[in-house]
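The values are calculated or read from the model by the stated rules, or taken from the named source; none is laboratory data. The model shown is predicted, which means the values in this text are computed figures rather than measured ones. When we count neighbours, we look across all protein chains shown, and the Cβ atoms used for this are built from the backbone with ideal geometry, even at glycine.
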Amino acid sequence: MLTGVESVKEGINLCNEVTSILKSAGFDLQKWASNSQEILDHGKTSSSTSTVLFGERGQTKTLGLYWSCEQDFLMYQIDVSDVSKHVTKRTVLSVIAKLYDPLGLVSPCLIIAKIIMQRLWLPLELASKWNKFKSELLVLNELKVPRHILGTYCIEIQIHGFSDASTEGYGACVFVRSVDHCGTISVHLVCGKSKVAPLKVVTIPRLELCAALLLAKLVEKVRSTLTVTVNSCFLWRDSTVALSWIHTPPNTLQTFVGNRVTQIQALTSSSDWRHIRSASNPADLLSRGVYPSQMQSSDLWWNGPPWLSFPQCSWPKSDFQPQINLPDLKKQISVFKVEFGAPFSICKIFAVV
């Protein structure tokens, strides 16, 4: 069971309830891990076996990631020493399989591996790029991602989503912005997701729309998962064409675009979408890729654009206006109908007998 509480008292009560319920069915809990020493001490005194398992060096594995219980960080442990130096499709797949990242926290790195994997049918000029990527992978073991993403006693919680696309890939990421009772603002990355662009040529605006749909689904997943009340949601992107499509009735758009706009409008409100410059878009790192050595120092990825840490009045003003002459609009066909009145004769003289 994985869960969290806001105070030590709530944690102790939860431990008592869970222990009591399971014990009534003959199950004695023996393994606890917490970032609170008080809860662990309580577990030792209340458990019939008094066994608490922290894991090696105070670390335990959860959701495929390593959690440093004492420091409350999510961490990675990657080992590629057993992978052959000869670049083949098999060795590339082997390394990618070692990069388990369920929350997408290092998606800007993984997109590089995905793009290389997609292009392995090309000549081996990608080998040097792959070797550079593999040699830097161990740097990810130094990452320490704070598990707790909310401030203390929050009075406002916002979700901010970003998406972007390029000819190589597209992606989306979600941040939580919280304001506590003292007015202190905290912004933290929640999750991210990236996809490689299809080999079949797709226009950039269409890829931008795919990224917007990916973001809409990701935000919906986050909102349904969070156990706190979200006050507002803001979805940011730098493509004016994709934004204009989102504000357009789907029935006026061609099938590819219309189907995706329908899904986006069902998951989000068009008023949630806003325009920003590419330089302020952390999803730009997902669409182009970032080498592992650059991840730790990327404040844009971990904390979003700097202005998110300021009051809302300091955010960039969006002067976006939906475009009228958009690509992928259905062609309008005009039909003319001609009607004649009563029958008439073309004869100059006629007679009736």
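Annotations for the structure displayed:
- Among the residues of the range 134-150, those identified as over 21 Å from the mean Cα position of the chain (by Cα) and either under 23 Å from residue 234 (Cα atoms) or of a type outside the set (Val, Ile, Thr) (or both) are 134, 135, 136, 137, 138, 141, 142.
- Look at (1) assigned to a loop (DSSP other than H, G, I, E, B); (2) surrounded by fewer than 16 Cβ atoms within 10 Å (Cβ to Cβ); (3) of a type in the set (A, V, I, L, M) and you find that residue 279 fails only one, number (1).
- Scoring residue 17 on the criteria (1) of a type in the set (Asp, Glu); (2) in a helix (DSSP H, G or I); (3) closer than 26 Å to residue 154 by Cα leaves a single failure, condition (3).
- Only residues that are within 13 Å of residue 207 (Cα to Cα), crowded, with 20+ Cβ neighbours inside 10 Å and of a type outside the set (D, E, K, R) were counted in the range 218-243, giving 3.
- Hits in the range 261-276 - residues which are out of contact with any Ser or Thr (no Cβ under 9 Å at 6 or more places or on another chain) and in a helix (DSSP H, G or I): 262, 263, 265, 266, 267, 270, 271
- Hits in the range 20-69 - residues which are modelled with pLDDT of 80 or more, in a loop (DSSP other than H, G, I, E, B) and loosely packed, with under 15 Cβ neighbours inside 10 Å: 24, 25, 26, 27, 28
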